[in-house]
Amino acid sequence: MLTPFIFCFSANKGEEVLIATNAAAVLVRSMLTPLRCVFVFFADLVFISYIHKYQRTKMAGIVKRMSQIKQLLQMHRQGMGRKQIARALGISKTTVKSYLDKLETGRLEIDRLLEMDDPLLTGQFHAGNPAYKDPRYLYLESRIENYLRELPRRGVTRNLLWQEYRSECVRVGQTGYSYTQFCYHLNQLMVARTPSAVLVHQPGEKLYVDYAGDRLHYVDRDTGEVIQCPVFVACLPFSDYCFAMVCRSQSTDEFVEALVSCLTHIDGTPRILVPDNLKAAVIRANRYQPELNQVLEDFANHYGMTVLPARVCKPRDKALCENQVKLVYSRVYAHLRNRQFFDLPSLREAVSIRVREHNQTRMQQKPYCRQELFLAEEHPALTPLPEEPFRIKHYRQYTVAKNGHIYLSEDRHYYSVPYCWIGQKAQVIYTATVVSIYVRNQCVATHVRNMTGGGYSSVKEHLSSHHQHWMDRSPDYYMAIAGEKSENLVRLFEGIFADNRPPEHHYRTCDGVLSLQRKTPPDVFERAVETALKNEMYSYPSVMNLIKNDACNRLEQTVEKLLPQHENIRGKEYYRSLSIHFDNE
């Protein structure tokens, strides 16, 4: 019975390659005729010889171990023949002959070859892949810079570049690569031009921060709205310790809040903060000197850190943080994909639990986890946190209004400034609790932040003297001033305020009386007040008229002028007894 075998044809070369699945021994069956047995025997011998020939042909392309080739060289130096060497090493005579022929054509002696390391010895006997000396490859290599510049442009694909490459080859008389080989060599050259380096990190040196591209969400219980929340991810590169927190948004306030929570969690401060170029951190991105957000600068100054943003479109600058984002997807997002949350605190708690488990998971090829390495080596290298927590400062530029106040638009509230700075430019720095106002690099006012819309926060000392007088007016204020002048003036003011009308109605009356007091001689004013009290004249015009007409002085003179004493005085009895007679009667 003939041994079964399989034929396989190559589509590229059109050659027929015979692969035997079984080289069974010759089977002789008793029922076969002797002639048929002889025929089967010789057919199997031919098949077995063909198999051995195919195996020798296949093995010829395999590079022998250099340790075996060194044995070959030593045997050759000892004078052994090719057949003996082949038999001793278990290789074909053709292989022994090819290596000895290369040895004769080479310029190095056997002793030098035996002293070489295996890779160098391989280079002496095998020149390498001849494809990289092909004129087609050399032409492609000369054009690679142009292809690398064109490939990132919109709409430019590898297929388009390959078509242009084939057109150029036809024009210059070259035989170009097929599309598969073109892409293979193009990728090889691209990888060679973008190498990556292994960064060595020191404990407590840097903190990488970024936002995950995908978001988590929770459902509002009241409205049923699905609220998407970005996830803040931070990583200490030395220990690869991870921190993740769900935020409401990517605003500056939320970003700084996440940073504060991260530093509080790791209980320390690294020396360098490496964020991405998000708007909450960088106002204007630049490869050499990016412009940072002032809030982030205040944060770094408070914690004694330096901010070094990563370059734009260079994720390798913080590759470990990018890897942590990928791990958060698989170890946090994936575990929470079937859970439903109805508020932000519960979502944050679930993420915190999963991240803690991630940090406590053993790392591959290392006998410890991230948390163990962090606690053992990195946490002691962190700078202690400051005693006071960081408060976000906001900056605004305003002009002091004519009424001596600035209007903080965020609170819709007015804050007073000393009146001498009216019309000047003022820089306002405010936190969640305090509003500070600076003019000409001096702090001229500090207020407790008040978010009452349309209200005023005024300090008495900030007003001018007449405004302070206006603000201080009250019945007690006027009574205190009158007490310093005279007792009669106090009684006069008491009579003025005894009216049932509001006190504000009498403020101008008191101001007028005090003005008369300053302009009138003391004795004249005192007599006028006494006269007004006697006649219950509690008004400014009455006192003014008494002083102006000097009526009080004339009244006093009239009272003091008496009739002289004499005997020629007629009494009332005289007029009673007097009768009048008319002549007509």
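The values are calculated or read from the model by the stated rules, or taken from the named source; none is laboratory data. Since this is a predicted model, take the numbers as computed values, not measurements. All Cβ positions, even for glycine, are placed from backbone atoms using ideal geometry, and neighbour counts span all protein chains on display.
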Residue pairs qualifying under the 8 Å Cβ cut-off, at least six apart or on distinct chains, with the first in the stretch 238-266 being under 16 Å from H394 (Cβ atoms) and crowded, with 17+ Cβ neighbours inside 10 Å and the second being at pLDDT 95 or above and charged (D, E, K, R), are none
Top-ranked residue of the stretch 268-290 - restricted to ones that are in contact with a Phe, Trp or Tyr (Cβ under 9 Å, 6 or more places away or on another chain) and among the β-branched types (V, I, T), ranked as surrounded by the fewest Cβ atoms within 10 Å (Cβ to Cβ): T269
Please state which one of H358, H379 is at pLDDT 90 or above and in contact with a Gly (Cβ under 9 Å, 6 or more places away or on another chain). H379
Flagged in the stretch 161-177 as closer than 16 Å to L151 by Cα and either touching a helix residue (DSSP H, G or I) at 6+ places or on another chain (Cβ under 7 Å) or among the hydrophobic types (A, V, I, L, M, F, W, C) (or both), in numbering order, are L161, W162, Y165
Counting only residues that are farther than 28 Å from L375 by Cβ and surrounded by 13 or more Cβ atoms within 10 Å (Cβ to Cβ), which one in the stretch 298-315 is nearest to the chain's Cα centre (by Cα)? P309
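So how many residues does the stretch 330-340 have that are surrounded by 12 or more Cβ atoms within 10 Å (Cβ to Cβ) and either part of a loop (DSSP other than H, G, I, E, B) or touching a residue at least 40 places away in the same chain (Cβ under 8 Å) (or both)?
Residues in the stretch 330-340 being surrounded by 12 or more Cβ atoms within 10 Å (Cβ to Cβ) and either part of a loop (DSSP other than H, G, I, E, B) or touching a residue at least 40 places away in the same chain (Cβ under 8 Å) (or both): 3 in total.
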Please give the number of the condition D343 fails out of (1) free of Cβ contacts under 8 Å to residues at least 60 places away in the same chain; (2) surrounded by fewer than 19 Cβ atoms within 10 Å (Cβ to Cβ). (1)
Return a yes/no flag: does the stretch 194-206 have any residue that is under 30 Å from A432 (Cα atoms) and under 36 Å from the mean Cα position of the chain (by Cα). yes
Condition check for Q188: surrounded by 15 or more Cβ atoms within 10 Å (Cβ to Cβ), of a type in the set (S, T, N, Q) and either at pLDDT below 90 or part of a loop (DSSP other than H, G, I, E, B) (or both): no
Taking the condition of being part of a helix (DSSP H, G or I) and either among the hydroxyl-bearing types (S, T, Y) or farther than 30 Å from I227 by Cβ (or both), how many residues in the stretch 347-371 meet it? 3
Per the filter on the stretch 373-428, residues assigned to a helix (DSSP H, G or I) and surrounded by 17 or more Cβ atoms within 10 Å (Cβ to Cβ) are L373, F374, E378, H379, Y419, W421
Checked the stretch 191-203 for anything in a loop (DSSP other than H, G, I, E, B) and either of a type in the set (S, T, N, Q) or in contact (Cβ under 8 Å) with a residue 24 or more places away in the chain (or both); matches are T194, S196, L199, H201, Q202, P203
